[in-house]
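The structure appears below as structure tokens.
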Amino acid sequence: GPVAETFRVIRGVVTEEYVRSTQGVFQFELSGDGGGTWYIDLKTRGGSAGFGKPPVAADVVMSMSSADFVKMFT
């Protein structure tokens, strides 16, 4: 779905430079189609993004609809 595709794209652009400059972990609590808990880890070496809880504690937790999440990143 659109949420999973958005995270696939995010994973493809995460670099060590983004991790070094950001140093943050973002958790998204999404409702609606493709919802659930998702994360972007820009703190842990190499960075990561995907479904489920982040590998380390989140610095920011955002709750929104899946549709709004996709709009925010497109």
Pull up region 19-67, narrow it to residues that are of a type in the set (Ser, Thr, Tyr) and within 20 Å of residue 5 (Cα to Cα), then point me to the one that is most open to solvent (accessible area, probe 1.4 Å). 63
Quickly run through region 13-54 and pick out the residues that are farther than 17 Å from residue 69 by Cβ and in a helix (DSSP H, G or I). 16, 17, 18, 19, 20, 21, 22
State whether the residues of region 65-73 include one that is of a type in the set (Phe, Trp, Tyr) and modelled with pLDDT under 95. yes
Please find, within region 58-74, the residue that is farthest from residue 8 (Cα to Cα) out of those that are touching a strand residue (DSSP E or B) at 6+ places or on another chain (Cβ under 7 Å) and in a loop (DSSP other than H, G, I, E, B). 59
In region 1-12, how many residues are free of Cβ contacts under 8 Å to residues at least 24 places away in the same chain and either touching a helix residue (DSSP H, G or I) at 6+ places or on another chain (Cβ under 7 Å) or in a strand (DSSP E or B) (or both)? 0
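The values are calculated or read from the model by the stated rules, or taken from the named source; none is laboratory data. Remember, it's a predicted structure, so these values are computed and weren't measured experimentally. Neighbour counts run over all protein chains shown; Cβ positions are idealised from the backbone, glycine included. Keep in mind that these areas ignore ligands, DNA and RNA; they rest on the heavy atoms of the full protein, side chains included. Shrake-Rupley method; radii C 1.70, N 1.55, O 1.52, S 1.80 Å.
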